[in-house]
Ligand SMILES: [Zn+2]
C-alpha cells in the first residue's frame, strides 16, 4: 500500500524583514483521497490562540450541571421505548441505560448513558468498563431495530463530549441512530472498500494494518482491535480502532466491543493529559453483516477545542466544512508516540 504525500514550501518575509520558509506536507488518505495538510509551524499559533482547558470552568460546569442533569435521573424521569420495541421500557447493560432520544433525528434515535451513577466531566474518569457497557447497548439497539423492521439497517453510533464537541448534556453518553436511509459518509467508506477488493482482490483494512503495524503511527492492540493514528487525519489528533474481519456493529463479538472501549478510554485520557477534554467518537459500521472480508468496523476518535470561555473553534472553518480537507499542527507520528508510551 502506497501512502502518498507531497511537500510544499511557503516563503515569506517576516515583519522584521527576514526571509522565512515553512514546510507543508499534504497527505492523501489511501482509501478516500481526503487530504490532510500538516504544518508544524502552525503549532505555535495554536498554542497562542487555542490554549488549554480552564480547569476551574470545567469543575464549575460539572457542579452546576449535576443538579439538573436529565441523565442522572433517567431511570425515574427518562423516556421509555414503545413496548413493541422494548417491553422493558429502557435497556440496562451494567451501569449503562438506553432510552429514546426526546428529539429524534431518525426512526430509532437513542441516548445511551454510559454510567448513570457517574456524572463526570474528565474523560479519564469515564472508564473503559462504562464505554463497554455503552457499546453493548448500542450493538443491541442496532440489532433490535433490524429485527423490528428489516429496512432499518443504516446506523451511526457516536459520542459528543462537552460543548466544544457539540454536546448539550455533559453526562457521558452515546447516541445511536438507526434509519432506512444510508449515511453518505459510511456509504463512501463501504463502497470504496468494496471497490478496493474488486480491483485488487484484497481487503483494504487488512492491508492497511499490515502496512502500519510496527510503524510510527501504530499504537498497539486492545484484544483483537488494532489502534493507530490515521496517516491522513480528517479531524484533529485522529485515532482509529479497527476490528479486523468484522464489518458491522450488528455482528461484533464481546472481545471486539471491549477492545474498542479500552482503546477509546486510552485515547481520550491522552487528550485530557494534553489539556483537552472535548472529543468526538464515531463507530463506522457497515449496514450489512458478513462483509468482514472487505470492510472493517472501526472507531474514529478526535479531539476538539479545549473547554474555556470564548474558546476558538479553530477546526470548524471553511476548509473542512466545504473543501473537505483539514490542516494539522502536529504530525500523527508525534501523538501516536505519546499514546504508545501510555499503552
Ligand atoms: Zn448526570
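Laboratory data are not the source of any read-out in this text; all were calculated from the coordinates shown. Since this is a predicted model, take the numbers as computed values, not measurements. Here Cβ is always computed from backbone atoms with ideal geometry, including for glycine, and neighbour counts include all displayed protein chains.
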Notebook entry, point to check: When the C-alpha atoms of the stretch 116-164 are aligned to their principal axes, what extent does each axis show, in angstrom, from largest down?
Noted result: 39, 24, 15
Checklist line | Gain in span if fully extended, residue 309 to residue 24, counting 0.36 nm per residue against the direct Cα distance | finding: 99.5 nm
Notebook entry, point to check: Quick one: Kirkwood hydrodynamic radius for the stretch 46-132, alpha-carbon pairs, angstrom, one decimal?
Noted result: 15.0 Å
Item checked: Rg/Rh for the chain, where both radii come from Cα atoms and Rh is the Kirkwood radius -> 0.98
Item checked: Label-reachable residues, the stretch 125-142, where backbone N falls under 19 Å from a point 7 Å from residue 117's Cα toward its Cβ -> 125-137
Note to self: Angle check, please: helix 254-273 long axis (alpha carbons) against the longest principal axis of the chain (alpha carbons), in degrees 0 to 90, nearest 10.
What the structure shows: 50 degrees
Margin query: Using only the Cα atoms of the stretch 190-298, what semi-axes does the equivalent ellipsoid have when each is the square root of 5 times a gyration tensor eigenvalue? Give whole Å, largest first.
Written below: 24, 16, 13
Notebook entry, point to check: Rounded to the nearest 0.05, what FRET efficiency is calculated for residue 195 and residue 54 with R0 set to 51 Å and r the Cβ-Cβ distance?
Noted result: 0.65
Notebook entry, point to check: Using the eigenvalues of the Cα gyration tensor, what equivalent ellipsoid semi-axes result for the stretch 238-343 when each is taken as the square root of five times the eigenvalue, whole Å, largest first?
Noted result: 27, 18, 12
Notebook entry, point to check: Mind checking the angle between helix 332-342 and the chain's longest principal axis? C-alpha axes, 0 to 90 degrees, to the nearest 10.
Noted result: 60 degrees
Check: Out of 225, 157, 312, any idea which swings most in a Gaussian network model of the chain, alpha carbons joined below 10 Å?
Finding: 312
Next item on the list: Could you compute the FRET efficiency for residue 67 and residue 255, with r as their C-beta to C-beta distance and R0 at 30 Å, rounded to 0.05?
Entry: 0.15
Next item on the list: Could you calculate the contour length gain from residue 5 to residue 321, that is, 0.36 nm times the residue separation minus the distance between their Cα atoms, to one decimal place in nm?
Entry: 111.6 nm
Item checked: Per-pair calculated FRET efficiency, R0 = 30 Å: residue 80 and residue 188 via Cβ, rounded to 0.05 -> 0.25
Check: Using the 10 angstrom Cβ neighbour count as an exposure proxy, how do 207, 2 rank, fewest first?
Finding: 2, 207
Margin query: When only alpha-carbon atoms are used, what values of Rg and Dmax, in angstrom, describe the stretch 18-83?
Written below: 22.8, 72
Notebook entry, point to check: Taking the alpha-carbon set of the stretch 243-305, what are its Rg and Dmax in Å?
Noted result: 13.2, 40
